[in-house]
Amino acid sequence: MLEYVWLIPLFPLLGAVFNGLLGKKIKNEAVIGGIATLMIFCSFLVSCGILMQLIGLPAEERVFEKVVFPWIHSGNFKADMAFLVDPLSAIMIMVVTGVGSLIHLYSIGYMHGEEGFYRYFSYLNLFAMSMLLLVLGGNMLVMFIGWEGVGLCSYLLIGYYFHKKSAGDAAKKAFVMNRVGDFGFLIGLFTLYWWLGSNHNVWTINFTEIKAASSLLPYGGVVTIATLCFFVGATGKSAQIPLYTWLPDAMEGPTPVSALIHAATMVTAGVYMIGRMSFVFVKAPDTMMVIAIVGAATAIFAATIGTAQNDIKRVLAYSTVSQLGFMFLAMGVGAFTAGVFHLMTHAFFKACLFLGSGSVIHAMHHALHHAHSHDDPQDMRNMGGLRKAMPITFITFLVSTIAIAGIPGFSGFFSKDEILWQAFANPFHGGLNIFLWGTGAIAACFTAFYMFRLVFMTFFGECRITAKSKDHLHESPLVITIPLMVLGFLAVFGGYVGMPKLLGMLPNYFEHWLEPVFATAQGYAQTYVHAGAHHSHALEWGLMGLSVVIAVIGIAIAYILYIASPSIPARFTATFPALHRAVYNKWYIDELYDFLFINPCKALGSFLWKGFDVLVIDGIVDGVAKVVMGLSGMLKNLQSGYVHNYALSMALGVVVIIAFYIFR
Amino acid sequence: MNDTILSLMTFTPLIGVLILFFIPKDSHAIQRGVAFATALATFFISLPLVTGFVTNAEYQFVKSVPWIAAGPFQMNYHVGIDGISLWLVILTTFIMPIAILSTWTAVEEKVKEYMICLLLLEVGMLGAFISLDLFLFYIFWEVMLIPMYFIIGIWGGKQKIYAAVKFFIYTMAGSVLMLVALIALYFKAGGGDFNLTRFYALSLDPATQTWMFLAFAFAFAIKVPLFPVHTWLPLAHTEAPTAGSVILAAILLKMGTYGYVRFAIPLFPSASEQFTPLLATLSVIGVIYASLVAMVQEDVKKLVAYSSVAHLGFVMLGIYALNQQGVAGGMLQMLNHGVSTGALFLIVGFIYERRHTRLISDFGGLSKQMPIFATIFMIVTFSSIGLPGTNGFVGEFLVLIGAFESNLRWYAVVASSGVILSAVYMLWMFQRVMFGELDNPKNKTLPDLNAREIAIMLPLVALIFVMGIYPTPFIDKMAPAIDRVIQQGKMKQVAAVVPQMPMVAPGVDVTVPPAVHK
């Protein structure tokens, strides 16, 4: 099966090409959506086969490389179209194809009747292909194809409703911000390649070869520069401070897109990339610290914004940014396994939440449409009490919310608790650990609060739309609810593969599985970290208990504010209007970026064009031309053809020559 | 056959010109047909060059016959190609039929003369790429200038005279300097013939090299165009008819960069090295400057023209990295730019023919009205941005990694930020033209691309993907020749420091060019 790894990205590519070329003619939604879903499902089957085969191999042999064809060979530079299968990429392809299949299926129902149905599925398949290239890439450049490819598909899908200006703006913003990150990725790649090559004659961008040569890399120094550049790439793709502002705007795209690209898969690419190159990152302690700090800061910063948004998808978007911050926190404290684990559980519950919100929006849209109401179907202030009309959506949404809030027994609890514990107990950052843990814990409290605020505003209380609309509210069809149920199930039980050792009920399969991938990195870490202080089990139990308490506090506050005494939020905003405005307007970061970067660039461009190009350069050129013309105009008079002119000039010449001899 | 194919290819368009002379003035359809058929025939004649090309560093398909012998002056008709010129020749023969096909409905006046100009232009361009005799090169170089001048000046837009004169004066200024340096070089070499390989083996003292290099470099810099001598380009592009812009961007600009690889660097290596910081700086300024200026353009065509300046800045940076990746990247980027920017000018032509405006603000929401056009436009846009999987990426990446490996590391870092800016200006333009509401009533009746227009674009779109996904044949065929250029540079740098060293660089047989007797 491993030999056929190239089939995994190929299937969705075929689907994309097929629908892209013929979809418009076919018109039959069942055929278009069916083929797209079938293609990604085929990839899922191949991925399952590969996972099975890997499991059957001894742990140290679970690395397989496949060169499909030579791509760019020039001098000592060599990049093949090559795939790398190891335990890490195996997890990723399972998540991408598995969640991807469900979201494709869901989309058939959700996108029903859309004008660009074929276009949508073509893009979605193309995205799946790019994402699979990204995670399977055997060298940095194949990863980079995927890296930019997902950016492209994200652009296309955010701009799916291209007739809306906001959608076009959001698409462009996403692509450009990603490009800023890509710039960092490229420089990081160049630095690593050049340094290893010119110092040790190892000219490679191949992951396994770099891993083999990683002992040649110094601690800090050039590695810090390279990894910081790579991390810039990660902040762009994974929406971390300072490049996160595109993600909330990306909600302009259709909701299944938000679930697949902007929650479950693409945005986790940065985390995956750090995991893939853990053996390089761990050699740069300063970078690790930056990653941990940026992750923690993003986690809390985005969580605060999430508390004040009224658009159901925007809350989830900020929640995603915040959860990605948790993953980066994990990577930054050297808990690579925990980071990838959270990546996986987050893919389950966040995909479920997004698809659930899509189901809600779908229902709201139809209800409002039937009643000829122009209220916003995504605004939670128009919702309320939906649990009665939409029981399946409600249940799956609720369990996913519990999972993200970190209630024991649900998947999110295991992964998030592991991250918080590692933030506290890791041997890397010394005195900083307590702050990292504290920030993470407060962010977790905010998470529980804003998620339950969302649930209470949407599913509880009284329905706030008109009675006429209300009659049209009904549960979504099976094609939508089946993916919800599968993801809801995974949101609950998906975490049991990686149960903390402390609880000791099940072995931590997940950690064992990834051990060989991160072994090299852990080895490097051992050489410089102080043999970490041994923390007692009692402390670990205590912190675990504390994180549960924190989650419960968050939920309780949400309950008080939005169920028990709903007048408090209004009074709060009335008391602190400036604070509310700042949070509601996302701390004015977009405006700040406009002011700092976009407007100066435009002004500079205009100045260079009208000031420099036209005035200075052309001025000089035209000026020279004028001088030449003027001179020739004067010289022209000398050759007038009149004898007396020539006589005059001869006489003048004689005068000059005589004068010269007299006065010299 | 092997030694005549280049000449046959180069002068086939002249046969077309001859036939055109005998066609009545008003039979526009026949004139177009003849021109197109001629260009297509030229393309097919050029194909055996690819299949017959042996991957090594030597000049192939060489033909050398005495031409003008005036006393001590000996000019040979000496032609041949190597890995560097091979693809540029193919690019030329490939673009020409497309360019001619694009004028089918765009030019209605003086069709015959227009077609004659285009075919003469093709002769000039092909001749310049295959010349291995400096004087022959100079003649073809000038031959290109005249038809282009007429194309802009007669069939151009509102400011056509100003644009044509500016184009002419800029290029002429460079050409004159080059001619002076060329003649001086000839006398330095002690007379004889103008065989290029003979000049390669010369060992000139640094002072002479410096001023000769500056003369050549200035002429080529104008053609590239490098900042700050680029201002003729936006104007010439905007005023030229579509086919003119396509050829100008796709092929004529490559004369400049080709000139550096073929002449300025190998002929004057130590001077070239001395001026590397200056040229690299100008290239990088070009990338950033042109991108910023492109961003604020109101006219689509001008925007594309400025993007050309930025792309050619990348090419120059790669060439001046003077290592395999850099030069290969630069060469590839020349081809890529020919394909992508050529396609962009065609696209601009399509909407201009429909709406007779190129102002971005006159458009919006065209995606809805013209879906096929939108798809092709988007593919080309992303190729221009350099998205991996398209041709633009491979060249740009090799240029940057090559420059990063060389001494131009920091230049590479600055130029890399060009990848952000290119996304900004291209996508912003694309959004304003194609996305949004279709609110202008004049745009609501625009027809989508017709069969001819699709046929024009399909080969370009196919190449965009082929060169992006499988660039190996392109790189492999040019690699040995690039190695030779790099070696020439490096060896002569040593020679230049010690002027007394033997005039013959090792490995280069001066008296008998190796491939002549094939």
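The values are calculated or read from the model by the stated rules, or taken from the named source; none is laboratory data. Owing to the predicted nature of the structure, the values given are computational and were not obtained by experimental measurement. Cβ placement follows ideal geometry from the backbone for every residue including glycine, while neighbour counts extend to all protein chains displayed. We work out accessible area using only protein heavy atoms, side chains counted, and drop any ligands, DNA or RNA first. Shrake-Rupley method; radii C 1.70, N 1.55, O 1.52, S 1.80 Å.
Cut-off under 14 Å on the C-alpha distance; same-chain residues fewer than 8 positions from A:Lys164 excluded. Which aspartates and glutamates are left, in chain and number order?
Within reach: A:Asp249, A:Glu252, B:Glu437, B:Asp439.
Assuming R0 = 25 Å, can you tell me the calculated FRET efficiency for the pair A:Lys25 and A:Phe69, based on Cβ-Cβ distance, to the nearest 0.05?
Numbers: r = 32 Å, r/R0 = 1.26.
E(calc), rounded to 0.05, equals 0.20.
Order the following by accessible area, largest value first: A:Asp618, A:Asp471. Probe radius 1.4 Å; ligands, DNA and RNA are ignored. Walk me through the numbers on the way to the answer.
On the way: A:Asp618 25, A:Asp471 130 Å².
Highest to lowest solvent-accessible surface, that is A:Asp471, A:Asp618.
Please compute P(r) over all alpha-carbon pairs of chain A, binned at 10 Å starting from zero, and give each bin as a whole-number percent.
3, 15, 24, 24, 15, 7, 3, 3, 3, 3, 2, 0
Could you work out, for region A:448-558, what percent of all Cα-Cα pairs fall into each 10 Å distance bin, beginning at 0 Å and stopping at the bin that holds the largest distance?
10, 19, 30, 21, 12, 6, 2
Rounded to the nearest percent, how much of the accessible area of chain A (1.4 Å probe, protein heavy atoms only) is carbon and sulfur?
On the way: 18050 of 25390 Å².
Here it works out to 71 percent.
Region B:297-327: which residues show an accessible-area loss of 20 Å² or more, assembly versus chain alone, 1.4 Å probe?
Hits at the 20 Å² cut-off: B:Gln297, B:Glu298, B:Tyr306, B:Gln324, B:Gln325.
Given the protein chains as shown and a 1.4 Å probe, how many square angstrom of B:Arg198 are accessible, to the nearest 10?
About 60 Å², ignoring ligands and nucleic acids.
Taking a 1.4 Å probe, which of A:Met1, B:Met478 shows the most accessible area, and what order do the others take after it?
My answer, sorted largest first, is A:Met1, B:Met478.
Assign one of three labels to region B:1-268, namely rounded, prolate or oblate, based on the Cα gyration tensor with a ≥ b ≥ c the square roots of its eigenvalues; rounded applies when a/c is under 1.5, prolate when it is not and a/b is larger than b/c, and oblate otherwise. Walk me through the intermediate numbers first.
Details: a/c = 1.99, a/b = 1.35, b/c = 1.48.
Taking the square roots of the gyration eigenvalues as a ≥ b ≥ c, region B:1-268 is oblate.
Roughly how far apart, in whole Å, are the Cα centres of region B:1-47 and region A:598-662?
45 Å
Which ³J(HN,Hα) values in Hz, rounded to whole numbers, follow from the phi angles of region B:337-350 under the Karplus curve 6.51 cos²θ - 1.76 cosθ + 1.60, where θ = phi - 60° and Gly and Pro get x?
Per residue, the Karplus-derived 3J(HN,Hα) values read 4, x, 6, 6, 6, x, 4, 5, 5, 4, 4, 4, x, 4 Hz.
Using only Cα atoms, what is the ratio of the radius of gyration of region B:1-86 to 2.2 N^0.38 Å? Write down the numbers at each step before the final one.
Details: Rg = 16.6 Å, N = 86, 2.2 N^0.38 = 12.0 Å.
Normalised Cα radius of gyration, region B:1-86: 1.39.
Once the convex hull of the alpha carbons of chain B is built, what does its volume come to per residue, in cubic angstrom?
Numbers: hull volume 67.6 nm³, N = 518.
Residue-normalised Cα hull volume stands at 130 Å³.
For each pair in A:Lys313/A:Lys388; A:Lys610/B:Lys444; A:Lys173/A:Lys350, compute the distance between the two Cα atoms and list the pairs where it is over 27 Å.
Details: A:Lys313/A:Lys388 21 Å; A:Lys610/B:Lys444 33 Å; A:Lys173/A:Lys350 23 Å.
Cα-Cα > 27 Å for A:Lys610/B:Lys444; rest within.
Give the residue list of trypsin sites (Lys or Arg not before Pro) in region A:423-497 that are DSSP loop and have at most 16 other beta-carbon atoms within 10 angstrom.
Values: sites: A:Arg453, A:Arg464, A:Lys468, A:Lys470; in loops: A:Arg464.
Of the trypsin sites (Lys or Arg not before Pro), the ones in loops of region A:423-497 whose Cβ has at most 16 other Cβ atoms within 10 Å are A:Arg464.
Given region B:254-304 reduced to its alpha-carbon atoms as identical point scatterers, what log10 I(q)/I(0) does the Debye formula return at q = 0.19, 0.21, 0.26 Å⁻¹?
Listed by q, the Debye log ratios stand at -0.74, -0.81, -0.95.
Any idea what the relative contact order of region B:1-50 is, in percent, if you count C-alpha pairs under 8 Å spaced at least 6 apart? Before the final figure, lay out the partial values.
Values: 26 pairs, mean separation 25.6, N = 50.
Worked out over region B:1-50, it gives 51 percent.
Cα convex hull of region B:150-207: how many Å³ per residue? Show your work: numbers first, answer last.
Numbers: hull volume 6.7 nm³, N = 58.
Cα convex hull per residue, to the nearest whole number: 115 Å³.
What residues qualify as long-range amide H neighbours of B:Asp299, i.e. H under 5 Å apart, gap of 5 or more or another chain, H built at 1.01 Å from N?
Long-range HN contacts for B:Asp299: B:Ile360.
With contacts defined as alpha carbon pairs under 8 Å and 6 or more residues apart, what's the relative contact order of chain B in percent? Intermediate values should be presented prior to the final figure.
Working: 886 pairs, mean separation 86.3, N = 518.
Relative contact order here is 17 percent.
I'd like the GluC sites (Glu not before Pro) in region A:461-552 restricted to DSSP loop residues with at most 10 other Cβ atoms within 10 Å, sorted by number.
Values: sites: A:Glu462, A:Glu475, A:Glu511, A:Glu540; in loops: A:Glu462, A:Glu475.
For GluC sites (Glu not before Pro) across region A:461-552 that sit outside H, G, I, E and B with at most 10 neighbouring Cβ atoms in 10 Å, the list reads A:Glu462.
What average count of beta carbons from other chains do you get within 10 Å of the Cβ of residues in A:183-195? Don't jump to the answer; show the numbers that get you there.
Details: counts 8, 1, 0, 9, 6, 0, 4, 11, 3, 0, 3, 6, 0.
That works out to 4 on average.
Given labels modelled 7 Å from the Cα in the Cβ direction, how far is it in nm from A:Phe607 to A:Glu115?
Going by the 7 Å Cα→Cβ label model, 4.3 nm.
Between A:Arg571 and B:His356, what is the FRET efficiency for a Förster distance of 56 Å, r being their Cβ-Cβ separation, to the nearest 0.05?
On the way: r = 62 Å, r/R0 = 1.10.
Efficiency at R0 = 56 Å is approximately 0.35.
Just the accessible area for B:Asp3, please: 1.4 Å probe, Å², rounded to the nearest 10?
For B:Asp3, solvent-accessible area is about 50 Å².
What figure, in Å² to the nearest 10, do you get for the accessible area of A:His163 with a 1.4 Å probe and non-protein molecules left out?
Counting only protein heavy atoms, A:His163 exposes about 60 Å² to solvent.
Among all lysine pairs in region B:1-268 that are eight or more places apart or on different chains, how many have alpha carbons less than 28 angstrom apart?
25
Along region B:194-207, what does the Karplus equation 6.51 cos²θ - 1.76 cosθ + 1.60 (θ = phi - 60°) give for ³J(HN,Hα), rounded to whole Hz, x for Gly and Pro?
Residue by residue, region B:194-207 yields 9, 4, 4, 4, 5, 5, 4, 7, 5, 10, 9, 6, x, 5 Hz.
Please compute the average number of Cβ atoms from other chains found within 10 Å of each residue's Cβ in peptide A:214-220. Please list the in-between numbers first.
On the way: counts 0, 0, 0, 0, 0, 0, 0.
Mean inter-chain Cβ contacts per residue within 10 Å come to 0.
Using the per-residue mean of other Cβ atoms lying within 10 Å as a proxy for protection, in what order, highest first, do the peptides B:378-390, A:260-272, A:60-72 fall? It would help to have the intermediate numbers written out before the result.
Values: B:378-390: 24.6, A:260-272: 28.5, A:60-72: 16.2.
Ranked by mean Cβ neighbours within 10 Å, highest first: A:260-272, B:378-390, A:60-72.
Please report, in Å, the Rg and the Dmax of region B:275-494, where both are computed over Cα atoms only.
Cα only, region B:275-494: 18.5, 68 Å (Rg, Dmax).
Per-residue counts of other Cβ atoms within 10 Å, averaged by peptide: what ranking do you get for B:270-278, B:234-242, highest first? Show your work: numbers first, answer last.
Numbers: B:270-278: 18.6, B:234-242: 25.0.
Order by mean packing, descending: B:234-242, B:270-278.
In whole Å, what is the distance between the alpha-carbon centres of region A:20-46 and region A:458-526?
With region A:20-46 and region A:458-526 each reduced to a Cα centre, they are spaced 27 Å.
To the nearest 0.05, how large is the calculated FRET efficiency for A:His537 and A:Phe493 if R₀ is 25 Å and r is the Cβ-Cβ distance? Before the final figure, lay out the partial values.
On the way: r = 26 Å, r/R0 = 1.02.
Plugging the Cβ-Cβ distance into 1/(1 + (r/R0)^6) gives 0.45.
Around B:Gln60, which amide H atoms from residues at least 5 apart in sequence, or from another chain, sit under 5 Å from its own amide H, with H modelled in the peptide plane?
B:Ile81, B:Asp82
When the scattering of region A:100-212 is computed by the Debye formula from its Cα atoms alone, each counted once and equally, what is log10 I(q)/I(0) at q = 0.11, 0.15, 0.24 Å⁻¹?
These q points yield log10 I(q)/I(0) values of -0.48, -0.75, -1.28.
Identify all aspartates and glutamates with a Cα-Cα distance to B:Lys477 below 12 Å; exclude those on the same chain that are fewer than 8 residues away in sequence.
List returned: B:Glu58, B:Asp82.
If each residue of separation counts as 0.36 nm, what is the full-extension length gain between B:Thr472 and B:Tyr162 once their alpha-carbon separation is subtracted?
Values: separation 310, 0.36 × 310 = 111.60 nm, distance 4.34 nm.
Gain in length upon complete extension: 107.3 nm.
Could you work out, residue by residue across A:158-166, how many beta carbons of other chains sit within 10 Å of that residue's beta carbon, and then give the average as an integer?
4
Among B:Leu177, B:Ile139, B:Gly244, which residue has its Cα positioned farthest towards the positive end of the charge dipole of region B:120-277, with +1 placed on the Cβ of Lys and Arg, -1 on the Cβ of Asp and Glu, and the dipole taken about the Cα centre?
B:Gly244
Based only on Cα atoms, what mean projected area does the convex hull of region A:551-638 have, in nm²?
9.8 nm²
Starting from the 7 Å offset along Cα-to-Cβ, what nm value, one decimal, do you get for the label separation of A:Lys388 and A:Phe595?
4.9 nm
Relative contact order (percent) for chain A, with alpha-carbon contacts under 8 angstrom and 6 or more residues of separation? Walk me through the intermediate numbers first.
Details: 1076 pairs, mean separation 77.3, N = 664.
Dividing the mean separation by the residue count of chain A yields 12 percent.
So what are the three principal axis dimensions of the protein assembly as shown from its Cα atoms, in whole Å, longest to shortest?
112, 71, 67
Report the full-extension gain for the segment A:Asp286 to A:Asn310: residue separation times 0.36 nm, less the Cα-Cα distance, to one decimal in nm. Intermediate values should be presented prior to the final figure.
On the way: separation 24, 0.36 × 24 = 8.64 nm, distance 3.84 nm.
Stretched fully, the A:Asp286-A:Asn310 segment lengthens by 4.8 nm.
HN-Hα J couplings of region A:9-23 from phi, Karplus 6.51/-1.76/1.60, θ = phi - 60°, integer Hz, Gly and Pro as x?
Per-residue couplings from phi come out as x, 5, 3, x, 5, 4, x, 5, 5, 4, 5, x, 8, 9, x Hz.
Tell me the GluC sites (Glu not before Pro) within region A:107-177 that lie in a loop according to DSSP and have at most 14 other beta-carbon atoms within 10 Å. Numbers along the way, then the final one.
Values: sites: A:Glu114, A:Glu115, A:Glu148; in loops: A:Glu114, A:Glu115.
Those that pass, being in a loop and sparsely packed, are A:Glu115.
Roughly how big is the B-A contact, given as buried accessible area in Å² (both sides, 1.4 Å probe, nearest 100)?
5000 Å²
Place a label point 7 angstrom from the Cα of A:His163 along the Cα-to-Cβ direction, then list the residues of region B:396-438 whose backbone nitrogen is under 17 Å away.
B:432-438
Sorted by mean Cβ packing within 10 Å, highest first, what order do the peptides A:23-29, A:591-597 take?
Details: A:23-29: 15.0, A:591-597: 12.0.
Descending packing order for the listed peptides: A:23-29, A:591-597.
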